[in-house]
């Protein structure tokens, strides 16, 4: 399984806590990114500053101000409740969100994707055991696993299921894996489909696998009927 190290970007632009507002904005624009890692004097990641963090200044411009609906909703949900403070920020330390959500280079791309989804972020700083910045991984980087060649996916799928299905029939087209053949138990078929679906680059699994013994349905019927 591919790891974050395989897909991350190592040439990453970061700012320090003392970097002023304008330099942070300049870094976001020039490097065409939506967020920047913020590091301390020893290179440890202490937070992340995003485009949204900087835009609070525009939202609250003009003194007395009733925040727009989006800002009010964020505050009610507990996100962006310090928007007015960030609007007055002068440097990255005052702008950033911390502590940063980070990921290790040895982590799987699946874990990285789950972290992004769970925390609602588009990229993750990659750090070593000491918390020092090594690179950054974005949603686009994670999507690279889905451009894997069909032949490579087919070879891995055959290797994955050969022990359970000595002569597996596997074809792959545009990342969609098609399986056919016979197995002894239905439960083994379901397990096999799940395993193939977890292979990197697989978009979907179309199964025409058949079984001789249905060891799943009888248990379901027994449970539904309340039989001992």
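Quick note: the coordinates plus some simple rules give every number you see, no bench work behind them. Source: prediction; values computed, not measured. All Cβ positions, even for glycine, are placed from backbone atoms using ideal geometry, and neighbour counts span all protein chains on display.
Cβ-to-Cβ counts within 10 Å put 42, 106 in ascending order as 42, 106, the fewest first. Roughly how far apart, in whole Å, are the Cα centres of the range 116-190 and the range 17-34? Using only Cα atoms to place each centre, the spacing works out to 35 Å. Peptide packing for 21-30, 208-217 was compared via the average number of neighbouring C-beta atoms within 10 Å per residue; ordered from the highest value, the list is 21-30, 208-217. Equivalent ellipsoid of the range 137-200: semi-axes from √(5λ) of the C-alpha gyration tensor, largest first, are 25, 13, 9 Å. Take 122-130, 187-195 and order them by the average number of nearby Cβ atoms within 10 Å per residue, most first; the result is 122-130, 187-195. For the range 108-228, with equal point scatterers placed on the C-alpha atoms only and solvent neglected, what are the log10 I(q)/I(0) values from the Debye formula at q = 0.10, 0.14, 0.17 1/Å, to two decimals? Once normalised to I(0) and log-transformed, intensities are -0.48, -0.75, -0.89.
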